[in-house]
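K.L.:
Quick one: the structure is below, questions incoming.
Each value in this text was obtained by applying a stated rule to the coordinates, not by laboratory testing. Worth saying up front: this structure is predicted, and the values here are computed from it rather than measured. Here the Cβ positions follow ideal geometry from the backbone for every residue, glycine too, while neighbour counts run over all protein chains shown.
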There are 2 protein chains.
Amino acid sequence: MKKYNFYSGPAILPKEVLEQASKSVVELDNIGMSLIEISHRSKEFVNILEEAKQHVRELLQLDSDQHVLFMQGGASLQFCMIPYNILNEHETASYLETGVWAKKAIKEARLFGNVEVIASSADTNFNYIPKKYLVPPTSKYFHITTNNTIYGSQMQSMPEVTIPLVADMSSDIFSRPVEGKKFDLIYAGAQKNMGTAGVTLVVVRDNLLGKVKRQIPTILDYRTHIKENSLLNTPCTFAIYVSMLTLRWIKKMGGLVAMEKINEEKAIKLYNEIDSNPLFTGVIAKQDRSRMNLTFTINKPELEESFNNAAKEAGCIGIKGHRLVGGFRASIYNAMPMEGIDVLIGVMREFAAKNG
Amino acid sequence: MKKYNFYSGPAILPKEVLEQASKSVVELDNIGMSLIEISHRSKEFVNILEEAKQHVRELLQLDSDQHVLFMQGGASLQFCMIPYNILNEHETASYLETGVWAKKAIKEARLFGNVEVIASSADTNFNYIPKKYLVPPTSKYFHITTNNTIYGSQMQSMPEVTIPLVADMSSDIFSRPVEGKKFDLIYAGAQKNMGTAGVTLVVVRDNLLGKVKRQIPTILDYRTHIKENSLLNTPCTFAIYVSMLTLRWIKKMGGLVAMEKINEEKAIKLYNEIDSNPLFTGVIAKQDRSRMNLTFTINKPELEESFNNAAKEAGCIGIKGHRLVGGFRASIYNAMPMEGIDVLIGVMREFAAKNG
């Protein structure tokens with residue numbers, strides 16, 4: 001039976017990316033060696049890295065003073081690297097608290113300087129994105145999370161600020177057009193729309209760096225990674241390759257405008273079912289709903305496990321909600337076909353007919 | 001033409017590991033989904049992680065108070081994490097300086113406390129391992145690099161010390177039996193004998209931790225990774241899987257005793273050629289020569305490029321020496337077959353006959 005992968009990350013990837021990556025694990029481009037056993041300094045791998053960088057530059061329309069880095073450690077390492085590199089001890093950074101990942105970013109930043117949480121939706125278990133807030137122009141930077149994977153909320157527009165803008169885009173990067181130029185630092189774990197786990201994309205503007213007084217360990221200093229072109233030490237060559245293939249696929253499919261269109265169609269279809277099916281309720285305020293992670297609860301909580309099983313039996317894997325939210329979460333990243341949405345909707349309707 | 005991969009890392013892997021990994025990138029164990037798109041918290045992946053841990057425990061014969069962690073960031077991240085976690089500002093750690101990677105470890109440790117370099121072979125471009133040194137019993141820990149990838153030197157026996165012993169085993173772990181119990185912290189990037197790039201093995205003894213006064217960022221704190229069983233955030237699932245397969249292969253081949261035997265046979269054969277061929281000279285003092293990375297120079301430097309090309313034409317890839325040493329380096333990790341050694345020896349003889 002065909003499986004539909006609704007995991008929140010590592011998550012579904014295009015079939016042709018999987019097939020090409022699989023081939024290259026045995027042999028890369030007829031070179032007589034595997035992708036995963038060649039040196040990260042070989043010309044073959046450096047070409048892969050450069051192609052991946054070029055795709056990022058084009059898709060995000062970056063300025064020439066914005067560096068593209070491929071790092072390890074996930075967004076969680078960025079939570080500490082960002083303040084380590086750009087926040088002095090007596091300075092203040094502003095953070096928007098829209099979920100657990102934002103809270104984690106805030107916690108780490110507090111080890112390095114002052115943090116002002118300028119708005120939070122913690123009071124309602126993060127079921128909306130705060131909009132009325134003032135970012136103090138004296139803040140060192142403003143940190144946002146563009147999509148909140150656990151809760152299923154997403155910023156529909158980017159804030160206009162006069163101070164450096166820093167964004168965790170882990171779960172919605174490359175799912176819609178974004179004006180990359182507007183950001184001074186963007187970071188994203190690859191394992192949703194960009195590839196598989198093992199690499200973290202960082203885009204950082206040159207003039208943000210070199211201004212803190214503390215000494216930064218070499219591997220935590222963005223400047224070293226820039227200087228070494230992401231080859232300070234051995235990167236996860238496989239994950240960078242999968243990102244390159246995925247970005248190539250995105251461009252082939254029509255780029256971010258095309259991605260946004262299909263992502264909207266998929267999300268609207270599934271939200272329509274959530275809203276019209278008497279058995280289910282959406283978790284997030286309508287205007288803030290994510291096109292990537294669609295969260296919903298079942299109105300008869302005693303049927304939760306039973307619905308999860310029905311979905312599994314129909315091939316829909318990974319729809320159990322995060323324990324902090326409960327209910328269900330359908331993660332429908334770029335590579336999820338409309339067919340997967342239709343199958344899930346079918347399960348919801350059939351289940352409601354039986355148990356409504 | 002068959003290629004023999006002499007790269008220093010990412011490096012050669014067993015063919016059956018590559019083939020199994022390749023299959024799993026399309027579909028893991030008939031689950032209808034790819035290894036690289038399933039959640040790191042899925043039961044399928046947690047089983048992979050647990051099997052990998054178990055292999056490490058058995059192969060290194062660890063005590064129950066030694067934790068096995070799979071992390072990201074390479075050995076270079078460990079250079080800063082180790083002192084961050086176990087060296088207070090006014091304490092001193094002892095380091096043995098046997099190469100560039102040891103120097104890098106020393107540089108990072110100095111950001112966190114005092115470092116005493118108790119012996120160094122820097123004076124002779126690290127062509128031997130210092131042996132006459134005293135480790136001060138008041139030091140917080142003693143740090144060694146068991147194999148120096150760039151220079152081709154290797155510790156033939158482990159030091160006996162009364163203070164915690166910390167070892168970077170990146171380039172020779174799992175190549176020979178090691179009494180894991182003797183170490184308080186072992187770390188190793190996977191991309192030589194253990195798998196591919198993207199995961200770093202850390203083995204840390206419980207009572208080493210929780211003794212520094214500074215606050216440690218969450219992701220740099222070993223205790224968080226222990227508590228979360230290496231799933232604090234999304235690990236590089238693919239690289240952990242490849243490590244699991246490689247460790248499974250090592251056990252199937254007879255474990256570390258068998259690995260040591262074949263590695264010795266391969267190294268002796270190639271060193272014999274280096275020593276008997278009038279055109280080549282070994283770089284490292286005989287008693288300290290590495291069984292993993294065999295370095296040698298050509299006695300007619302004007303023929304260096306020409307020999308490198310002859311090797312390439314015979315299918316021997318990656319034998320160019322590191323720029324800090326020059327000449328040649330044959331990295332012959334566990335998965336290098338004797339056939340590869342024979343082909344390289346053939347090239348050396350033929351080249352000497354023509355140019356000797």
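K.L.:
Loop only per DSSP, at most 14 neighbouring Cβ atoms within 10 Å: give me the GluC sites (Glu not before Pro) in the stretch A:67-116, ordered by residue number.
P.N.:
A:E89
K.L.:
Taking a ≥ b ≥ c as the square roots of the eigenvalues of the Cα gyration tensor of the stretch A:293-355, is the shape rounded (a/c under 1.5), prolate (a/b larger than b/c) or oblate?
P.N.:
It is oblate, given that a/c is not under 1.5 and a/b is not larger than b/c.
K.L.:
Please report the antiparallel percentage of DSSP beta bridges with both residues in the stretch B:245-340, rounded to the nearest 5.
P.N.:
In the stretch B:245-340, DSSP labels about 100 percent of beta bridges as antiparallel.
K.L.:
Hey, if you put +1 on the Cβ of every Lys and Arg and -1 on every Asp and Glu Cβ in the protein assembly as shown, which of B:P130, A:T162, A:G189 ends up farthest toward the positive end of that dipole?
P.N.:
Sorting the options by dipole projection puts first A:T162.
K.L.:
List the aspartates and glutamates whose Cα lies under 19 Å from the Cα of B:K312, skipping any in the same chain that are fewer than 8 positions away.
P.N.:
Those aspartates and glutamates meeting the cut-off are A:E27, A:D29, A:E37, A:E44, B:E273, B:E302, B:E304, B:E339, B:D342, B:E350.
K.L.:
So how far, in whole Å, is the C-alpha centre of the stretch A:257-333 from the one of the stretch A:52-100?
P.N.:
So the two Cα centres are separated by 30 Å.
K.L.:
In Å, what Rg and Dmax follow from the Cα atoms of the protein assembly as shown?
P.N.:
In Å, with Rg to one decimal and Dmax whole: 26.3, 88.
K.L.:
Going by a ≥ b ≥ c, the root eigenvalues of the Cα gyration tensor, does the stretch A:1-156 fall in the rounded group (a/c under 1.5), the prolate group (a/b larger than b/c) or the oblate group?
P.N.:
The shape class here is prolate.
K.L.:
Using DSSP to define loop residues, name the trypsin sites (Lys or Arg not before Pro) in the stretch A:1-102 whose beta-carbon has at most 14 other beta-carbon atoms within 10 Å.
P.N.:
A:K2, A:R41
K.L.:
222 nm [θ] for chain A, helices only, -39500 (n - 2.57) per DSSP H run of 4+, per residue, to 500?
P.N.:
When only DSSP H runs of four or more count, the value is -11500 deg cm²/dmol.
K.L.:
Next question, about the same structure. Suppose we look only past 17 Å in the calculated P(r) of the stretch B:35-112. What percent of the Cα-Cα pairs does that tail hold?
P.N.:
Of the Cα pairs, 62 percent sit more than 17 Å apart.
K.L.:
Another question, if that's okay. Which lysines does A:K182 reach when only Cα atoms under 19 Å apart count, and residues fewer than 8 places away in its own chain are ignored?
P.N.:
Correct list for A:K182: A:K53, A:K131, A:K140.
K.L.:
What list of whole percents do you get for P(r) of the stretch B:76-198, with Cα-Cα distances grouped in 5 Å bins up to the one holding the largest distance?
P.N.:
It works out to 2, 11, 23, 25, 22, 12, 4, 0, in whole percents.
K.L.:
A further question follows. Assuming a strict under-22 Å limit between Cα atoms, what lysine pair count do you get for the stretch A:203-291 once near-sequence pairs (fewer than 8 apart, same chain) are dropped?
P.N.:
Within the stretch A:203-291, the lysine pair count is 10.
K.L.:
Starting from the Kirkwood radius over alpha-carbon pairs of the stretch B:16-252, derive D by Stokes-Einstein at 20 °C in a medium of 1.002 mPa s and give it in µm² s⁻¹.
P.N.:
116
K.L.:
Then there is this: Which lysines have a Cα less than 16 Å from the Cα of B:K192, not counting those fewer than 8 places away in the same chain?
P.N.:
Qualifying lysines at Cα under 16 Å: B:K15.
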